[in-house]
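What follows is a set of notes on a single structure, which appears directly below.
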Amino acid sequence: LGVGVVALARPQQGIGRVEIWWEAGAIQLVVGRSGSMKARMRMGGQELMRLDVVKRVIRDFLVGGGAGLNGRGSDLIGGVSFCGYAETVCPPVRDTEALASLVDTIQLPQYRFEDGTAIGDGLALAAARLRTAEQDLKNRTDGERYGELRIRSKVAILLTDGANNRGEVEP
């Protein structure tokens, strides 16, 4: 009877896989948001503002999508935006969906005094974020999650349509 019960239960062997990432790349997206980013261009049969095209490309890069991109779920990625000045959109995180949502909130400058293209300032802020990435991870309230994580490379990706014409730092 015992063998019959085991046979009816159809025992199966499952094989699972758990991936733990101990190494990651640190990436800073540096996004221009000057007034010229409102110019229109074609993408996927639609006419969109340049800034909206950049947002779509970033989403595909982060979470996967067009052009066979798989997403960057194993990397630490943050964002900086700039027009006449640079500001942090998000410190380096592994939550690509959250970062993509924050990038979606980047807007064109509202006032004339904000406008311009401070590429050097944007790159300098991104470089500062990358320089302190390991320490920033340790200082977070959830820092123990990243205890053994090592950053293998650091990269800034610049997305702009203009030439530097503002800011204090030369690119």
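For segment 71-80, check the following and say yes or no: at least one residue is free of Cβ contacts under 8 Å to residues at least 24 places away in the same chain and in a loop (DSSP other than H, G, I, E, B). Yes, there is a match, as at least one residue in segment 71-80 is free of Cβ contacts under 8 Å to residues at least 24 places away in the same chain and in a loop (DSSP other than H, G, I, E, B). Within segment 10-20, not a single residue is under 23 Å from VAL155 (Cβ atoms), hydrophobic (A, V, I, L, M, F, W, C) and at pLDDT 60 or above. Within segment 37-52, being open to solvent by less than 50 Å² (accessible area, probe 1.4 Å) and in contact (Cβ under 8 Å) with a residue 60 or more places away in the chain holds for MET37, ALA39. Take ASP121 and decide whether it is surrounded by fewer than 17 Cβ atoms within 10 Å (Cβ to Cβ) and within 18 Å of GLY78 (Cα to Cα). No: the conditions fail for ASP121.
Applying the set (1) open to solvent by 50 Å² or more (accessible area, probe 1.4 Å); (2) on the phi < 0 side of the Ramachandran plot to LYS55 leaves exactly one unmet item: (1).
Of the listed requirements (1) assigned to a helix (DSSP H, G or I); (2) surrounded by fewer than 17 Cβ atoms within 10 Å (Cβ to Cβ), LEU158 misses just one: (1). Going by what's in this entry, would ASP121 be described as in contact with a Pro (Cβ under 7 Å, 6 or more places away or on another chain), assigned to a helix (DSSP H, G or I) and either touching a residue at least 24 places away in the same chain (Cβ under 8 Å) or not charged (D, E, K, R) (or both)? Considered against the rule, which asks whether it is in contact with a Pro (Cβ under 7 Å, 6 or more places away or on another chain), assigned to a helix (DSSP H, G or I) and either touching a residue at least 24 places away in the same chain (Cβ under 8 Å) or not charged (D, E, K, R) (or both), ASP121 comes out as no. Selection of segment 64-74 for residues being closer than 23 Å to ILE151 by Cβ and more than 9 Å from the chain's Cα centre (by Cα) yields GLY64, LEU69, ASN70, GLY71, GLY73, SER74.
Scanning segment 60-95 for residues that are in contact with a Gly (Cβ under 8 Å, 6 or more places away or on another chain), of a type in the set (D, E, K, R) and under 30 Å from GLN110 (Cβ atoms) gives a single hit, ASP60.
Condition first: free of Cβ contacts under 8 Å to residues at least 24 places away in the same chain and of a type in the set (D, E, K, R). Can you find one or more residues in segment 151-168 that meet it? Can you show your working first?
Just the residues of segment 151-168 that are free of Cβ contacts under 8 Å to residues at least 24 places away in the same chain, to begin with: none.
Checked against the condition, which is being free of Cβ contacts under 8 Å to residues at least 24 places away in the same chain and of a type in the set (D, E, K, R), segment 151-168 yields no hits at all.
Here is the figure for segment 64-90: residues that are of a type in the set (A, V, I, L, M) and open to solvent by 50 Å² or more (accessible area, probe 1.4 Å) total 2. Search segment 91-118 for residues being aliphatic (A, V, I, L, M) and outside any loop (DSSP other than H, G, I, E, B), and hand back the single one that is most open to solvent (accessible area, probe 1.4 Å). Only one residue fits best here, namely LEU102.
The values are calculated or read from the model by the stated rules, or taken from the named source; none is laboratory data. Since this is a predicted model, take the numbers as computed values, not measurements. With ideal geometry, Cβ positions are generated from the backbone for all residues, glycine too; neighbour counts draw on all protein chains shown. Side chains included, ligands, DNA and RNA excluded: accessible areas come from the protein's heavy atoms. Shrake-Rupley method; radii C 1.70, N 1.55, O 1.52, S 1.80 Å.
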